[in-house]
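Here is the structure we will look at, set down as structure tokens.
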Amino acid sequence: MKIEDGPLFPGNFTPFQAVRDYVAFCEPRGAPLPGQLPSMLEQAAQIESALGPIDTAKPCHNDLLLANWIDDGHPLWLGLS
């Protein structure tokens, strides 16, 4: 059996919501944020809208820590550890 065929995972995750959650956590605490953040959030919203609904109950690595990304000169890969 493939992991995708197993039971649904509890909770959900999208990188778009994760960024919004991080910003909502940081702003009231006065954390320094990039000046381009409003533009970046607008672009992210456009991408999210263009992608349409995301099935958040399917297994996904979901760890966007930069150390998990591999740049081998081709498309970026998300490393699984």
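Key figures for this structure:
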quantity	calculated
Spin-label pair Ser39/Val23, simplified geometry with 7 Å Cα→Cβ offset, distance in nm	1.4
Calculated FRET efficiency for the pair Ala67/Gln46, C-beta based, R₀ 35 Å, to 0.05	0.80
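Where a number appears in this text, it was derived from the coordinates with a stated rule and is not lab data. Since the structure is predicted, the reported quantities are computational estimates derived from the model, not experimental observations. Cβ atoms come from the backbone with ideal geometry, glycine included; neighbour counts cover every protein chain shown.
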